[in-house]
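Notes follow once the structure below has been shown.
The values are calculated or read from the model by the stated rules, or taken from the named source; none is laboratory data. A quick note: this is a predicted structure, and the numbers were derived from the prediction, not measured. Every residue, glycine among them, receives a Cβ derived from its backbone with ideal geometry; neighbour counts consider all protein chains shown.
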Amino acid sequence: MTSSAGLHLKTFFLISLMILFGPLGNVSLSKGMKTIGAISLHSPADLLRVGLQILQSPFIWLGVLFLLMFFVSYLLVLSWADYSFVQPAGSIAYAVVALWAHFLLHEPISPTRWAGVCVICLGVLIVGHTSPRTTEQK
């Protein structure tokens, strides 16, 4: 395996982790906040009450953990691949979010939103056929 092939493999592996962990984190946060319910802050005591509810939610903590793993994967991949490659390639997560929101959170997804997700996926396909690094390494 050449170093270029190794770069591609580890880049795509970490982008895959980003695509997994980012949506998992966001779906977990959404689930956690839905279990807490609508928030109305009329006094400092309300803020304290909501803050305690948030800190006691296992879905919130799970979401934070997944988003932390997303962030670590994101930082690692940015250390060797161009941002102009990583960000669009990682955007396939929008499709994952739509799928998980529909199937796990039972949210309705309109045909227009699905069309937008398809456009994003097409863009990811195009970007995925470019080199992860176009800048010179220092």
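What's the total number of residues in segment 87-138 that are within 30 Å of LYS34 (Cβ to Cβ) and of a type in the set (Asp, Glu)?
Number of matching residues: 1.
Quick check on VAL86: is it aliphatic (A, V, I, L, M) and more than 23 Å from LYS10 (Cβ to Cβ)?
On the way: aliphatic (A, V, I, L, M): yes; more than 23 Å from LYS10 (Cβ to Cβ): no.
The answer is no for VAL86.
Consider segment 1-33. How many of its residues are out of contact with any helix residue (DSSP H, G or I) (no Cβ under 7 Å at 6 or more places or on another chain) and either modelled with pLDDT under 90 or polar (S, T, N, Q) (or both)? Talk me through it step by step, then tell me what you get.
Step one: list which residues in segment 1-33 are out of contact with any helix residue (DSSP H, G or I) (no Cβ under 7 Å at 6 or more places or on another chain), which gives 1-10, 12-13, 16, 20, 30, 33.
From what is left, the residues that are either modelled with pLDDT under 90 or polar (S, T, N, Q) (or both) are 1-10, 12, 16, 30.
Residues that pass the stated criteria total 13.
Among residues belonging to segment 79-89 that are part of a helix (DSSP H, G or I) and either among the polar types (S, T, N, Q) or under 15 Å from the mean Cα position of the chain (by Cα) (or both), point out the one that is surrounded by the most Cβ atoms within 10 Å (Cβ to Cβ). Step through it out loud before you land on a result.
Taking segment 79-89 and keeping what is part of a helix (DSSP H, G or I), we get 83-89.
Then keep just the ones that are either among the polar types (S, T, N, Q) or under 15 Å from the mean Cα position of the chain (by Cα) (or both); that gives 84, 86-89.
Values: SER84: 13, VAL86: 20, GLN87: 13, PRO88: 16, ALA89: 24.
Here the answer is ALA89.
Within the set of pairs 6+ apart or on separate chains, which have a first residue in segment 55-67 that is farther than 19 Å from ILE15 by Cα, a second that is of a type in the set (S, T, N, Q) and crowded, with 18+ Cβ neighbours inside 10 Å, and C-beta atoms under 6 Å apart?
PHE59/SER28; LEU62/SER28
Can you find even one residue in segment 41-51 that is modelled with pLDDT of 85 or more, of a type in the set (A, V, I, L, M, F, W, C), under 24 Å from GLU107 (Cβ atoms) and assigned to a helix (DSSP H, G or I)?
Yes.
Just the residues that are at pLDDT below 90 and among the hydrophobic types (A, V, I, L, M, F, W, C), please, taken from segment 72-92.
Within segment 72-92, TRP80, ALA81, PHE85, VAL86, ALA89, ILE92 meet the criteria.
Are any of the residues in segment 49-62 under 22 Å from the mean Cα position of the chain (by Cα), farther than 28 Å from PHE103 by Cα and among the aliphatic types (A, V, I, L, M)? Let's see the steps before the verdict.
Filtering segment 49-62 down to residues under 22 Å from the mean Cα position of the chain (by Cα) leaves 54-55, 57-62.
Now drop any that are not farther than 28 Å from PHE103 by Cα, which leaves none.
So far as segment 49-62 goes, no, none of its residues is under 22 Å from the mean Cα position of the chain (by Cα), farther than 28 Å from PHE103 by Cα and among the aliphatic types (A, V, I, L, M).
So that you can scan it fast, the table gives a plain yes or no per residue for (1) surrounded by 15 or more Cβ atoms within 10 Å (Cβ to Cβ); (2) out of contact with any Leu (no Cβ under 8 Å at 6 or more places or on another chain); (3) aromatic (Phe, Trp, Tyr):
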| position | (1), (2), (3) |
| --- | --- |
| PHE13 | no, yes, yes |
| LEU17 | yes, yes, no |
| SER30 | yes, no, no |
| ILE39 | no, yes, no |
| PHE71 | no, yes, yes |
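Testing PHE66 on (1) modelled with pLDDT of 90 or more; (2) closer than 23 Å to VAL119 by Cα, one condition comes back false. Which one is that?
(2)
Look through segment 93-104, keep the residues that are surrounded by 12 or more Cβ atoms within 10 Å (Cβ to Cβ) and over 9 Å from the mean Cα position of the chain (by Cα), and return whichever of them is nearest to GLY123 (Cα to Cα). Full working, then the answer.
The initial filter retains those residues of segment 93-104 that are surrounded by 12 or more Cβ atoms within 10 Å (Cβ to Cβ), namely 93-102, 104.
Keeping just the survivors that are over 9 Å from the mean Cα position of the chain (by Cα) gives 95, 98-102, 104.
On the way: ALA95: 12, ALA98: 16, LEU99: 18, TRP100: 21, ALA101: 21, HIS102: 22, LEU104: 26 Å.
Here the answer is ALA95.
I'd like to check something: does segment 18-30 contain any residue that is part of a helix (DSSP H, G or I) and either under 15 Å from PRO132 (Cα atoms) or more than 15 Å from the chain's Cα centre (by Cα) (or both)?
Residues of segment 18-30 part of a helix (DSSP H, G or I): 18-30.
With the extra rule that they be either under 15 Å from PRO132 (Cα atoms) or more than 15 Å from the chain's Cα centre (by Cα) (or both), the set shrinks to none.
There is no residue in segment 18-30 that is part of a helix (DSSP H, G or I) and either under 15 Å from PRO132 (Cα atoms) or more than 15 Å from the chain's Cα centre (by Cα) (or both).
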